[in-house]
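Step one of this worksheet: look at the structure below.
The values are calculated or read from the model by the stated rules, or taken from the named source; none is laboratory data. Keep in mind it's a predicted model, so treat the numbers as computed, not measured. Glycine gets a Cβ as well: all are built from the backbone with ideal geometry, and neighbour counts include every protein chain shown.
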Amino acid sequence: MKSLLAIAALILAATFGLAGTPVHAEPVHAIAMHGQPALPADFDHFPYADPKAPEGGSVTYGVVGTFDSLNPFVLKGMRTTARGLWDPQYGSLVFEPLMLRSADEPFTLYGLLAKSVEMDDDRTYIQFNLDSRARWSDGMPVTADDVIFTFELLRDHGRPPFSNRLKKVAKMEKVVDNSVRFTFTKDADREFPLLLALSPVLPKHAIDPEKFEQSGLTQMIGSGPYLFDRVSPGEKIVYKRNPKYWGNDLPSMRGLANYDRITINYYLQDQTLFEAFKKGDVDIYPDASPTHWRDSYDFPAVRNGDVVREEFKPKLPSGMFGFVFNTRRPLFQDIRVREALTLAFDFEWIDRNLFGEVYQRTQSFWQNSELSSFGKPASPEELALIGDMKKDIAPEFLDGTYKLPVTDGSGRDRKVLQRAVGLLKDAGYTIRDGKMLDTSGHQLSFEIMTQNPDQEKIALAYQRFLSAIGVAASVRSVDDSSYQQRSQSFDFDIIIKSFSSSLSPGLEQVNRWGSQSRDVTGTDSFAGVADPGIDRILTAIVSARDQEGFVAAVRALDRVLLSRYYVIPLYHVAQQWVAHRKNLSHPQLTPLYGYSLPAWWDETARAK
């Protein structure tokens, strides 16, 4: 018996080490949510970047909005956004994450500030081994102390999701060779170590924690490829290349950050931004409107070739763009009301009269991918995840036959509106003198908040559809700052929002639909969902160990969200449209997630 115990002790020691903690796994250059990274340890550059791209020149972006803070990690900086500092579209120009996400894989991260990582198969811990070459823009090295300081700083003074990152960390410790190890609590899921890897790192020596939330327009030090050049509050930010940037030769950065100067101009309205683009004050204009793309480019710069129009085809799910019900409002807590109001929206009228029949109606949060439930019967795995919620879900959502109604396009399709009125009657409403009244005699009424003319146009049409059944909807358009503040504090009845989709959904879904996010200012819980059944499915998504289980969990979430009518689906297009100055170029390969602006360059730099 003694020898058996000794053997067992040796096995435990070999597996967990003498201290009872897991031994170091082999360091790796990249980590993937599912499967293996596509690029080997000796990869030279991302496939959608050109390592021979010329460095130099400049680019000017334009955005709608304003800003009064240069700190993107606090609530104040979130509501009025200073773009480029920490930016998924333009690149993280000033602040950098531990690892960089590839735009050509569902969810894979490669080394940046962390040269390598160590993680066990069960993902109970992760260790980031920092690149000894990493430097702040003032020349000081990036250290393990900076990493620990950042996580503690954002826990105490940051905004979600950064403020929540340490909740699933049992221990954060500095280890040998300038490394930081995070050991997780039992509540951590399999996506969590990747989210830590995507977290920013800030300089301990240059930040006063007590003043962090009030940093305002203070120009903080970062480790990224650019420095501040000029800041005009609310109007313009100009970045200049850091000639001593430490990461120029990293495989994950080769062919990216090619400009010497990047300018971001701010405009109050999209139409003003487009006029600036036409005049040459802005170099790139991403266009999300098919009718605008079709009808608005007959101006001199296009005719003489100074402006080029390009179409890109990403390989992404559709996402969801639609009216969102704020279920914190008592009016929208009745699913029958939400379903009735969904039926009353006449997509065919909208598409024909406003958009020239160029859009496709969105039927799923992950349409056009294997993650979508649209047209697919629920598998046994999905049904098991849905569990007791099945009794409250209409059969067509489970057997894959559900589809949003197709109207006659009149804006008053009697058959569809009769169904809507029937649902409202079941919910306690009756039509009297042309008004939809509740049992107290109050008319069913609410406000739709919009942000721009396109949203307002759709909302006004919806207002007319609703008036046919006695529902009073008011439409209120607000400026960008008010829109951000009201949406982040959930101060609205109905809002129009876009929920982007990826092939690797994870914690962002918890941020949108999880109970824990419902009452946290700054999250994307616009619908205010709090449902233990949905929480269970969200846990299955972030905990899935194989692709089959992952797909089943996402499809289950898709079915439940659609069946609960939290969103009135609008439309989507499969293409990305971009107009730009002819001197701007990009690699031929379009990555999985679509065109990648950090990989573009200025051709005029080639001649220098």
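This table checks each residue for (1) crowded, with 20+ Cβ neighbours inside 10 Å; (2) basic (Lys, Arg); (3) out of contact with any Lys or Arg (no Cβ under 6 Å at 6 or more places or on another chain).
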{"position": "548", "(1), (2), (3)": "no, no, yes"}
{"position": "552", "(1), (2), (3)": "yes, no, yes"}
{"position": "562", "(1), (2), (3)": "yes, no, yes"}
{"position": "566", "(1), (2), (3)": "yes, no, yes"}
{"position": "579", "(1), (2), (3)": "yes, no, no"}
{"position": "582", "(1), (2), (3)": "no, yes, yes"}
{"position": "594", "(1), (2), (3)": "no, no, yes"}
{"position": "599", "(1), (2), (3)": "yes, no, yes"}
{"position": "603", "(1), (2), (3)": "no, no, yes"}
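Mind checking which residues of segment 82-128 are buried (at least 23 other Cβ atoms within 10 Å of the Cβ), more than 20 Å from residue 45 (Cβ to Cβ) and charged (D, E, K, R)?
none
Residue 178 fails exactly one of the following numbered conditions: (1) closer than 30 Å to residue 266 by Cβ; (2) over 26 Å from the mean Cα position of the chain (by Cα). What is the number of that condition?
Just one mismatch for residue 178, condition (1).
With respect to the numbered conditions (1) surrounded by fewer than 16 Cβ atoms within 10 Å (Cβ to Cβ); (2) over 24 Å from residue 605 (Cβ atoms); (3) not charged (D, E, K, R), which one is the sole condition not fulfilled by residue 267?
Just one mismatch for residue 267, condition (1).
Are there any pairs, at least 6 apart or on different chains, whose C-beta atoms fall under 6 Å, with the first in segment 130-144 and part of a loop (DSSP other than H, G, I, E, B) and the second surrounded by 17 or more Cβ atoms within 10 Å (Cβ to Cβ) and among the hydroxyl-bearing types (Ser, Thr, Tyr), and if so, which?
Listed pairs, sorted by first residue: 136/223; 142/223.
I'd like to verify a number: residues in segment 153-172 that are under 20 Å from residue 125 (Cβ atoms) and surrounded by fewer than 15 Cβ atoms within 10 Å (Cβ to Cβ), how many?
3
Being at pLDDT 95 or above, among the small types (Gly, Ala, Ser), within 16 Å of residue 556 (Cα to Cα) and outside the structural domain of residue 586 (by TED's automatic domain parsing), is that true of even one residue in segment 357-366?
The answer is yes, given that some residue of segment 357-366 is at pLDDT 95 or above, among the small types (Gly, Ala, Ser), within 16 Å of residue 556 (Cα to Cα) and outside the structural domain of residue 586 (by TED's automatic domain parsing).
Across segment 532-565, which residue is farthest from residue 288 (Cα to Cα) among those that are in contact with a helix residue (DSSP H, G or I) (Cβ under 7 Å, 6 or more places away or on another chain) and part of a loop (DSSP other than H, G, I, E, B)?
Checked segment 532-565; the qualifying residue farthest from residue 288 (Cα to Cα) is 544.
Specify which of the listed residues (573, 529, 542) is modelled with pLDDT of 95 or more and aliphatic (A, V, I, L, M).
529
Of the residues that sit in segment 68-88 and are in contact with a Lys or Arg (Cβ under 8 Å, 6 or more places away or on another chain) and in a loop (DSSP other than H, G, I, E, B), which one is nearest to residue 143 (Cα to Cα)?
73
How about segment 179-191: which of its residues are over 17 Å from residue 152 (Cα atoms) and surrounded by 19 or more Cβ atoms within 10 Å (Cβ to Cβ)?
Hits for segment 179-191 are 188, 189, 191.
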